[in-house]
Amino acid sequence: MKKGNILIALTLLAVGCSTGTNHENEEGHEVSEPGFSMEGREAKVYMTADGTDLRLGQAGTKAFEQARQPLETEVSVFVNPDKTFQPLLGIGGAITDASAEVFASLPEDKQEELLKAYYSREEGIGYTLARTTIHSCDFSSGSYTYVSDEDKELKSFSIEHDKKYRIPLIRKAIGAAGGELLLYASPWSPPAFMKDNDNMLRGGKLLPEFYNSWALYYTKFIKAYEGLGMPIWGITIQNEPMAVQRWESCIYTAEEERDFLKNHLGPTMERKGLGDKKIIVWDHNRDLINHRANTIFEDPEAAQYAWGIGFHWYENWTGGDPMFVNLGKIKESFPSKNLIFTEGCNEKFDPAKYQFWPNAERYGRSMINDFNNGTVAWTDWNILLDETGGPNHVGNFCFAPVHADTQTGELIYTPSYYYIGHFSKFIRPGAKRVSTASSRSPLLSTSFLNEDGTMATVVMNHTDEEITYKLFVADKMMEETILPHAMQTVVY
């Protein structure tokens with residue numbers, strides 16, 4: 001489905017209220033003192049639904065009434081605005097070589113459309129966060145690094161390669177986002193000469209004699225990008241450090257990553273004046289995340305350098321439980337550390353499935369559960385791919401929320417784009433997650449209180465049935481109906 005005029009611009013209601021004074025409890029969770037008022041508020045409901053033309057369309061405006069005792073025969077969503085938790089850092093997607101190459105192939109008007117679709121809050125879904133790669137990954141047209149072979153001293157370091165496609169797109173994205181875009185970077189592999197398999201692909205390990213050189217590499221990347229006007233907020237140590245892939249990859253055990261961080265990367269970043277940059281560990285799936293967190297965060301020397309831990313969703317490859325509960329266990333154990341979703345996409349690209357609704361529901365289920373378990377930021381994978389699900393130099397073709405048909409120059413918006421937009425458009429950086437619970441499992445829900453005083457409650461129905469539910473907020477309530485396989489954002 002092409003975007004056309006389906007995306008409806010949001011005008012937020014300006015309502016005055018006091019949101020209370022916040023403090024932390026003994027577990028490190030932020031809790032607000034009473035002060036949120038529902039007086040004078042009404043709700044605007046936005047919906048995206050399978051089998052309809054609704055795509056972030058305003059489905060109506062509803063008034064709240066005095067709450068009453070909920071009944072067991074009803075479906076309810078309960079929001080307690082006096083209990084708030086982690087603030088949102090941002091929501092966005094990765095600007096890879098593949099995305100940048102496809103973007104460069106588009107006509108100028110389509111380039112402008114894509115930038116607005118992602119980074120404009122008024123005409124798009126208002127992305128505020130981006131991830132990029134440190135040299136090549138699978139979603140590059142080929143493997144490359146920023147140094148000459150065997151250059152241990154990194155004297156040849158240059159980001160000239162990125163100036164053709166990737167850097168121009170990042171700059172345009174920053175501009176489209178209003179001049180600010182939280183940008184962080186991840187490596188997929190050190191240069192081949194630094195590894196024990198002498199290959200950027202197929203796993204291998206960083207050789208100990210190159211620990212310091214590789215740590216210095218991150219700092220050179222950051223300074224080179226910032227020298228061109230692209231501030232780098234942070235880095236992850238290694239993309240998927242427990243996966244031997246046919247593409248760029250490198251293996252670290254938990255102990256190896258811990259020791260590289262505390263003895264090399266952390267001290268090098270500080271020595272080079274980059275101690276304020278955020279360092280994210282793990283950057284892999286939820287299934288083994290607790291072992292990595294325990295190993296690194298229990299070591300005070302390593303933990304002092306770690307802002308938080310990143311995770312992906314690919315444990316779903318096995319068809320098992322996504323293990324959202326593992327994230328909550330980390331917040332219980334290490335409340336001062338942050339959780340960030342660093343990558344997710346729908347695999348096994350098939351152009352016949354552009355509008356395959358379960359792909360969107362995978363996003364909705366993950367985002368709601370990740371946020372409810374303490375995640376502060378959420379990053380999709382490629383923002384744009386072509387009609388083959390690439391380019392990708394090892395044939396690992398995937399879906400993106402938006403695809404470009406490079407033969408026609410047209411953009412194709414998948415349902416995933418709109419599902420992500422139900423969060424990124426209405427929940428802004430600085431918003432605090434609010435205690436929210438559903439009385440029945442067919443409805444998944446989360447809420448955030450924005451800094452401007454507006455509340456956004458996101459509700460997802462992943463069943464085949466239309467569901468009428470009561471939304472209880474403080475001492476008020478309203479009734480709403482959500483269509484089958486639909487996502488709603490209720491803004492009030």
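Below is a table of values for the structure above.
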{"quantity": "Count of the range 441-491 residues which are crowded, with 23+ Cβ neighbours inside 10 Å and over 15 Å from MET47 (Cβ atoms)", "calculated": "6"}
{"quantity": "Hey, ILE330 farther than 27 Å from ASP50 by Cα and either without any contact (Cβ under 8 Å) to a residue 24 or more places away in the chain or outside any helix (DSSP H, G or I) (or both) or not", "calculated": "no"}
{"quantity": "Some residue of the range 472-482 being of a type outside the set (Lys, Arg) and touching a His at 6+ places or on another chain (Cβ under 9 Å)", "calculated": "no"}
{"quantity": "Count of residues meeting criterion [in contact (Cβ under 8 Å) with a residue 12 or more places away in the chain and more than 15 Å from ALA185 (Cβ to Cβ)] in the range 273-282", "calculated": "1"}
{"quantity": "Residue that is nearest to the chain's Cα centre (by Cα), among those in the range 204-229 that are surrounded by fewer than 20 Cβ atoms within 10 Å (Cβ to Cβ) and assigned to a loop (DSSP other than H, G, I, E, B)", "calculated": "GLY229"}
{"quantity": "Residue in the range 66-84 that is of a type in the set (Val, Ile, Thr), exposed (fewer than 14 other Cβ atoms within 10 Å of the Cβ) and at pLDDT below 95 present", "calculated": "no"}
{"quantity": "Verdict on GLU270 being surrounded by fewer than 22 Cβ atoms within 10 Å (Cβ to Cβ), modelled with pLDDT of 95 or more and either in a helix (DSSP H, G or I) or touching a helix residue (DSSP H, G or I) at 6+ places or on another chain (Cβ under 6 Å) (or both)", "calculated": "yes"}
{"quantity": "Residue count for the range 108-133, restricted to those that are over 20 Å from TYR417 (Cβ atoms) and over 18 Å from the mean Cα position of the chain (by Cα)", "calculated": "1"}
{"quantity": "Strands (runs of 3 or more DSSP E) wholly inside the range 363-470 that include at least 1 residues being of a type in the set (Asp, Glu) and closer than 23 Å to ALA100 by Cα", "calculated": "375-382, 402-405, 410-413"}
{"quantity": "Search result, residues across the range 50-108 that are basic (Lys, Arg) and closer than 30 Å to PRO391 by Cβ", "calculated": "ARG55"}
{"quantity": "Selection count, the range 415-429, where residues are surrounded by fewer than 22 Cβ atoms within 10 Å (Cβ to Cβ) and hydroxyl-bearing (Ser, Thr, Tyr)", "calculated": "0"}
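The values are calculated or read from the model by the stated rules, or taken from the named source; none is laboratory data. In this text, all values refer to a predicted model and were calculated from it rather than measured experimentally. Cβ sites come from the backbone with ideal geometry, for glycine too, and all protein chains shown count toward neighbours.
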